[in-house]
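One structure below.
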Amino acid sequence: MLLAALLLAAAPGVTDSEVVLGITAPLSGPAAAWGSISLAAEAWARHVNAAGGVNGRKLRVVVKDDAYKPGQAVANVNEMKDSVFALVLLLGTAVLNANKDTVAEAGIPTVWPLGNPQVFAAQPREKVKAVFMAYPDYGDEAQFLVAQAVKLEHAKKLAVFFQNDDYGKGGLEGARSGAKKSGVEIAAEVPYEVADRELGTHALKLKESGADTLLLYSTATHGAGIVKEMAKVGYRPKIFASFTLGDRSVMYRLLGDLWEGAYFDVNEAPPGDPDADKVLAVLLKEEPKLQGRESFGLIGVTGMAVTVEGLKRAGRDLTREKFIAALESLHDYRPENLTAPIHWSAKQRHGLNTVRMMRAKKAADASFTPVSDWQTFPAKF
């Protein structure tokens, strides 16, 4: 009994009756659409609690708004690192870069971070011991998008609209590599800043490039903004977008018919897939506000479902070390059947690097419109 008490005392965020999980997320600001992910994670935790919780404990989720600002995310993580058991769904490549040393030094499990895997791939192995990632590499994804643009639309000249930070630059580098491999020209590389609201000049630069195809590495807000501005000047290239713009409902709400026919990829099952719809029936009952933001909601479910599975396997005498070992045991694991199989181990922390090409269709009976099979790339760390 004494040993068990000592173990529990050594695990921040764990009491006899609850486990506390921390999330810092863009609930406001230009990436607020992605805040739906944390809303869904909270809802899924409530669903788990209603079914009895995990090993006799209920989940309590603490969500702090970072407005997609790395500095605020660092402050949030510093506030939570000694009071929550694990971080879930840390969102944004720049946010990951800003927090990578903090989470390593604190030894806090960081589950399902959403950003470029290269952030952690560049770290010494001992610094990623507590990181468990299942996210596509932007370089691999961008090369895939370029190849698909050539295959599906016979692209000859590409333009890239990208966020001028670690996220967008990762996609740009992949697009350059993909263009070289596919023998196509990149006619324009047009960056934007997260704070930008006026995108008319950006649209003119893209039009002047003469590109027949546009790759988007942006927030949903900026992606919609550039498409609207291009339409104003009569420029309608074929669109291929990163999975970060993969919520069909959100993009149609922002763009209407301007999003029709756009290509985008996903890294998990979208609405319309039977397994996704089964989860959504539960999720939307728990949190009706996610209506119209279903794809982003499913991301929140997968991150929380993996965390719950790790907690179950770690057992009642819960420590961070046991939780880490439990996550290492997840092989061929598919959270709620929403993703391709995840493979984590003592030697591999990047458990999933997979995308699938989709195309936007408005018809209610065509919400699930895959264009390609799952494409899996090698793990990065």
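The values are calculated or read from the model by the stated rules, or taken from the named source; none is laboratory data. Bear in mind that the values here come from a model prediction, so they are computed numbers and not experimental data. Reconstructed Cβ throughout: ideal geometry from the backbone, glycine too, with neighbour counts over all protein chains shown.
Miscellaneous remarks
- Qualifying positions in segment 33-53 - at pLDDT 95 or above and hydrophobic (A, V, I, L, M, F, W, C): TRP34, ILE37, LEU39, ALA40, ALA41, ALA43, TRP44, ALA45, VAL48, ALA50, ALA51
- Residue identified as buried (at least 19 other Cβ atoms within 10 Å of the Cβ) and not hydroxyl-bearing (Ser, Thr, Tyr) among ALA130, ALA122: ALA130
Per-residue answers, yes or no, for (1) within 19 Å of GLY92 (Cα to Cα); (2) in contact with a Gly (Cβ under 9 Å, 6 or more places away or on another chain); (3) not assigned by TED's automatic domain parsing to the domain that holds VAL14:
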position: LEU39; (1), (2), (3): yes, yes, no
position: ALA50; (1), (2), (3): no, no, no
position: GLY53; (1), (2), (3): no, no, no
position: GLY56; (1), (2), (3): no, no, no
position: LYS64; (1), (2), (3): yes, yes, no
position: TYR68; (1), (2), (3): yes, yes, no
position: ASN78; (1), (2), (3): yes, no, no
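- LEU283 buried (at least 20 other Cβ atoms within 10 Å of the Cβ), in the same structural domain as GLY56 (by TED's automatic domain parsing), more than 21 Å from the chain's Cα centre (by Cα) and modelled with pLDDT of 95 or more: no
Yes/no matrix, rows are residues, columns are (1) over 26 Å from PRO113 (Cα atoms); (2) of a type in the set (A, V, I, L, M); (3) under 20 Å from the mean Cα position of the chain (by Cα):
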{"site": "GLU229", "(1), (2), (3)": "yes, no, no"}
{"site": "PRO274", "(1), (2), (3)": "no, no, no"}
{"site": "GLN291", "(1), (2), (3)": "no, no, yes"}
{"site": "SER295", "(1), (2), (3)": "no, no, yes"}
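- Qualifying position, being closer than 22 Å to THR369 by Cβ and without any contact (Cβ under 8 Å) to a residue 12 or more places away in the chain, among ARG236, ARG176, ARG253, ARG248: ARG236
- The strands (runs of 3 or more DSSP E) falling completely within segment 142-229 that include 1 or more residues that are in contact with a Pro (Cβ under 8 Å, 6 or more places away or on another chain) and under 19 Å from MET358 (Cα atoms) map to 213-217.
- Take the conditions (1) touching a residue at least 24 places away in the same chain (Cβ under 8 Å); (2) in a loop (DSSP other than H, G, I, E, B); (3) within 19 Å of ARG125 (Cβ to Cβ); LYS347 misses just one of them, which is (1).
- Residues of segment 276-330 that are free of Cβ contacts under 8 Å to residues at least 12 places away in the same chain and touching a strand residue (DSSP E or B) at 6+ places or on another chain (Cβ under 8 Å): ASP277 alone.
- Helices (runs of 4 or more DSSP H) fully within segment 256-334 counting 1 or more residues that are among the polar types (S, T, N, Q): 294-314
Residue by residue, here is whether (1) assigned by TED's automatic domain parsing to the domain that holds ALA94; (2) over 26 Å from the mean Cα position of the chain (by Cα); (3) of a type outside the set (D, E, K, R); (4) surrounded by fewer than 24 Cβ atoms within 10 Å (Cβ to Cβ) holds:
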| position | (1), (2), (3), (4) |
| --- | --- |
| ALA149 | no, no, yes, no |
| LYS157 | no, yes, no, yes |
| ASP165 | no, no, no, yes |
| GLY170 | no, no, yes, no |
| GLY178 | no, no, yes, no |
| GLU185 | no, yes, no, yes |
| ASP196 | no, no, no, yes |
| SER218 | no, no, yes, no |
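- Given (1) assigned to a helix (DSSP H, G or I); (2) over 26 Å from THR339 (Cα atoms); (3) among the hydroxyl-bearing types (Ser, Thr, Tyr), index of the condition TYR235 fails: (1)
- Scope segment 120-141; condition in a helix (DSSP H, G or I) and under 15 Å from GLN348 (Cα atoms); matching residues: PHE120, ALA121, ARG125, GLU126, LYS127, VAL128
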